[in-house]
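Take a look at the structure set out below.
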Amino acid sequence: MIHQLLEWLDHRTGVKDLLHEALFERIPGGARWRYVWGSALVFTFSLQMITGIFLLTAYSGSTQTAWESVYYIQEQMTLGWLVRGIHHFAAQAMTVLLAFHLIQIIVDGAYKAPREVNFWLGLILMQIVLGLGLTGYLLPWDQKGYYATQVSTKIMSATPLVGPALQIIAQGGNEYGHATISRFLAMHVVILPALLVAFLGLHIYVFRRHGIHAKTPYKAADASFWPDQVLKDAVAALGVLAVVMGFAYFKGAELNPPADPADAFEAARPEWYFLFLFRFLKFEAVEHLGLAFGAIHFPGFLFAVLAAAPIIARYKWGHKFNVAFLWLVIGGASLLTVMAIVEDGRNDDHQMALKEAERDSHRVRELAQSDTMIPVEGAVSLLRKDAFTQGPKLFAKHCASCHRYDGHNGRGRLLRINDPEDPRSKTDPTNANRIAAHPEATDLADFGSRTWMKSILLDYSNHLGALKNAQWFKDDLQAKTDGKDVAFVNPTDSEMASAVNDEYAKLFSKPENAEDLNAVIEFLVAQRNRSEADKIDAKLVARGKEILDGGKLKDGATITQCSNCHDKIGGKFEVADSGNGYPDLAGYGSKEWLTAFLKNPGGEQFYGKKNRMPAYGDKLRPDELDLLVRWMTGDFYPTHVEEYASRKGELPKAK
């Protein structure tokens, strides 16, 4: 029955002759491992097609659904993470295989006559594969793909004459949006794959016409494609699959935070196989010559020389030149890639940007898995409304010029300035050494905590010592020295500094008063009105209030009452127009207190005339102020994302 069916099929289609033609091709010099790259490329492309179809069944291409659908594939769909991982790493494997295949073709001379056309078809296929990588990069609509693709389209716009028009066509307008995703999706899943299949068919046809080119003299007897070369090709294909599966399982395809045009992504880089061009464009000489030269003209010249290889090979010296040129280009590209990776590894700001992207990626997953899930307006709104995410960014923008947060700017980065001891700071500031800047105000990482309160009570001068680095402090101190009447907060010469040095530090350092110190701290911490988070001890709070109202310590001594300076101590914070220029201790550290303080730190219920901090009531929108305050007070959806590592140890010592 089966034999009859095969005979019927062969009579109608000639399948036996087709299989014989395909499988029993003569291989001069026998099967070799160096011939596997073409078959491995076809296998990898097939793998891409299969996984791509599965991904497409769950993908939704729009600015509000692209990232969300990829998130669904990655986190919810059965084995979706594996399918996406295979697709992601197989795309990168194709680039590596292309390079190996090109090297083998050039070194073996398989591009020479009569195989010129097939070589040129291969170069076209290489461009299509790279185009598939570029168009697929944007489809997750995450920060990395969004901003990296913007760089690509900007390069496209540098094309002479037609560049701006090409950019608008590719983007679907002047801005990135729904049309951009639609066009990139069409190119990635329809146009480019169709072109690749068409040119691949031509490539294989022309290849079959002229057969395999092997170096002479042959090192073995002639063999046929089946089974000798097929076995080697199959082993190579399985090797590629094993590597791709390994990366997919152990590393996985990354998914950055959803694209947000309003939030610049400083960690954006092209995929590793385009890093050489990224680094080349950063050379000062190339920048001077312009984007068109670095991204279009020079690479175009190199590609033209490569495309001319069959013609150059007609000369006696031609083949050696082509081999040397190829190795020179590959060596240069490899060197530039290594330079880019090493420089990024040494770039603290870039590493912190990567860390932030990783944190935001984990955070948006947490929020997406919360009870609210992903809203209709898209996942990007989850981060925009998240105090844990936005608070550090607002702090870095508005507060970090003076304050630090655990030694950094809130986003894990050091604030750097040119080293004043480097002579280039004046002559060539762009190339001067960069050092960590002195903070000019108190570190706010522990604001309102027990550690914060203890530092104020026992080490006030050092607690506010960073103020001495500020220029305003130096100016005011000089003015006061000159006999002028200047009101300002002085860590070493103020009522609080005297109270701490003369009383608090001495009395509370006694072992018998240790419990009383804890009681006063507990009372002050309780003002934050976060008893659940702080696990407040009510008995200690009552004892602390008693001490601050004039009660005796365990050793029988009393301390100067806070009410001598501070207008309100304990109770609920209320915004008031009056005060005596010392911060209210009612609700100290609470959301209400901090919001009012940031709006008007110079109000009389805060620092009055002594204040040098700008008011943020007009600098921040109400929603921004709320996000900043909720972050500083820990009022956000619970997270397992780790805080940035402390960088206090990297700050310079105050002079």
Under the rule of -39500 (n - 2.57) per DSSP H run of 4 or more residues, summed and divided by the residues of the chain, what mean residue ellipticity at 222 nm is obtained, to the nearest 500 deg cm²/dmol?
-17000 deg cm²/dmol
Relative contact order in percent for segment 527-655 (Cα pairs under 8 Å, 6+ apart) equals 18 percent
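Using R₀ = 22 Å, calculate the FRET efficiency as 1/(1 + (r/R₀)^6) where r is the Cβ-Cβ separation of Asp635 and Ala615; round to 0.05. Intermediate values should be presented prior to the final figure.
Details: r = 22 Å, r/R0 = 1.01.
After rounding, the FRET efficiency stands at 0.50.
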Using only alpha-carbon positions, what ratio does the radius of gyration of segment 301-443 give when scaled by 2.2 N^0.38 Å?
1.71
Folded to 0 to 90 degrees: helix 622-632 orientation relative to the chain principal axis, Cα:
80 degrees
Note: the chain, point scatterers on Cα, Debye, no solvent; log10 I/I(0) at q = 0.05, 0.06, 0.11 Å⁻¹ equals -0.38, -0.52, -1.16
Compactness of segment 59-206, expressed as Rg and Dmax over alpha-carbon positions, Å
17.6, 53
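Which number do you get for Rg(Cα) / (2.2 N^0.38 Å) in segment 320-377? Before the final figure, lay out each step's value.
Numbers: Rg = 20.9 Å, N = 58, 2.2 N^0.38 = 10.3 Å.
So segment 320-377 has a normalised radius of gyration of 2.03.
Ratio of alpha-carbon Rg to the 2.2 N^0.38 Å globular estimate for segment 368-471, to two decimals, please. Each step should come with its number before you reach the end.
Working: Rg = 18.7 Å, N = 104, 2.2 N^0.38 = 12.8 Å.
Output field value: 1.46.
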Could you tell me which of rounded, prolate or oblate describes segment 477-579, using a ≥ b ≥ c as the square roots of the eigenvalues of the alpha-carbon gyration tensor, with rounded for a/c under 1.5 and, failing that, prolate when a/b is larger than b/c and oblate otherwise?
oblate
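Using only alpha carbons, build the gyration tensor for segment 229-361 and give me the equivalent ellipsoid semi-axes, biggest first, whole Å.
34, 27, 12
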Among Glu356, Glu650, Glu287, what's the order by accessible area (1.4 angstrom probe), most exposed first?
Glu287, Glu650, Glu356
Please report the orientation-averaged projected area of segment 107-183, defined via the convex hull of its C-alpha atoms, in nm².
7.0 nm²
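Could you please state how large a percent of the accessible area of the chain is carbon and sulfur, counting protein chains only and using a 1.4 Å probe?
Working: 20850 of 34380 Å².
Within the chain, the accessible surface is 61 percent carbon and sulfur.
Give, in whole angstrom and from largest to smallest, the semi-axes √(5λ) of the equivalent ellipsoid of segment 277-324, with λ running over the eigenvalues of the Cα gyration tensor. Working shown, then result.
Numbers: eigenvalues 164, 20, 11 Å².
Here the semi-axes work out to 29, 10, 7 Å.
Given C-alpha coordinates of segment 534-655, what is the ratio Rg to Rh with the Kirkwood estimate of Rh? Each step should come with its number before you reach the end.
On the way: Rg = 17.9 Å, Rh = 17.2 Å.
Across segment 534-655, the Cα-based Rg/Rh ratio is 1.04.
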If you count only protein heavy atoms with a 1.4 Å probe, what accessible area per residue comes out for segment 277-334, rounded to a whole Å²?
62 Å²
3J(HN,Hα) from dihedral phi, segment 245-256, Karplus parametrisation 6.51/-1.76/1.60, rounded to Hz, x for glycine, proline:
4, x, 5, 5, 7, 8, 9, x, 6, 6, 9, 6
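Dividing the convex hull volume of the Cα atoms of segment 238-303 by its residue count, what figure in Å³ per residue is obtained? Could you put the intermediate results ahead of the total?
Working: hull volume 10.0 nm³, N = 66.
Residue-normalised Cα hull volume stands at 151 Å³.
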Relative contact order (%) - criterion: Cα under 8 Å, at least six apart; region: the chain
12 percent
Let me know the whole percent of all Cα-Cα pairs from segment 351-413 that are separated by more than 19 Å.
36 percent
Just want to confirm a number: the relative contact order over segment 223-331, from Cα pairs under 8 angstrom separated by 6+ residues, in percent.
9 percent
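How much accessible area per residue does segment 429-490 have, in Å², with a 1.4 Å probe? Before the final figure, lay out the partial values.
Details: 3190 Å² over 62 residues.
Averaged over the residues of segment 429-490, the accessible area is 52 Å².
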Per residue, what accessible area does segment 58-113 have, given a 1.4 Å probe and all protein chains present, in Å²?
36 Å²
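The values are calculated or read from the model by the stated rules, or taken from the named source; none is laboratory data. Source: prediction; values computed, not measured. So basically every Cβ, Gly included, is an ideal-geometry build from the backbone, and we count neighbours across all protein chains shown. Calculation scope for accessible area: heavy atoms of the full protein, side chains included, ligands and nucleic acids excluded. Shrake-Rupley method; radii C 1.70, N 1.55, O 1.52, S 1.80 Å.
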